[in-house]
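One structure below.
The values are calculated or read from the model by the stated rules, or taken from the named source; none is laboratory data. Everything quoted here is computed from the prediction, not taken from an experiment. Surface areas here come from the heavy atoms of the whole protein model, side chains and all, with no ligands, DNA or RNA. Shrake-Rupley method; radii C 1.70, N 1.55, O 1.52, S 1.80 Å.
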Amino acid sequence: TNAYSFDGALVMSLLFVCTCAYLRRVPRLRQWCFSEKSGLWGVLYKGAVIGVRLHIVVAIACTVMAFYVLFVR
């Protein structure tokens, strides 16, 4: 997908949130990457928090986006 289209931006943001939430579960990365709440590491922290707190909404959005990309587009 094209990262400069609206569809591509949605896919990239969903992938970012899912990746941050997954990496937060790794103990060594949690201490190293997700301890800061500002700056570049803060963006990773905020993506992980969104992925953890809204995991049902993110999972539904990933499923809907997968069907859209595979079958509609």
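A few comments on the model shown:
- Ranked order, Arg73, Arg25 - accessible area, probe 1.4 Å, largest first: Arg25, Arg73
- Computed over protein heavy atoms with a 1.4 Å probe, the accessible surface of the chain works out to 77 Å² per residue.
- 3J(HN,Hα) along segment 38-45, derived from phi through the Karplus expression 6.51 cos²θ - 1.76 cosθ + 1.60 where θ = phi - 60°, amounts to 9, x, 5, 5, x, 5, 5, 4 Hz, with x in place of Gly and Pro.
- For the chain, the relative contact order works out to 28 percent when only alpha carbon pairs closer than 8 Å and six or more residues apart are counted.
- Once the mean of 1/r is taken over each pair of separate Cα atoms and inverted, segment 4-72 shows a Kirkwood hydrodynamic radius of 12.6 Å.
- Within the accessible surface of segment 4-72, defined with a 1.4 Å probe on protein heavy atoms only, the carbon and sulfur portion equals 71 percent.
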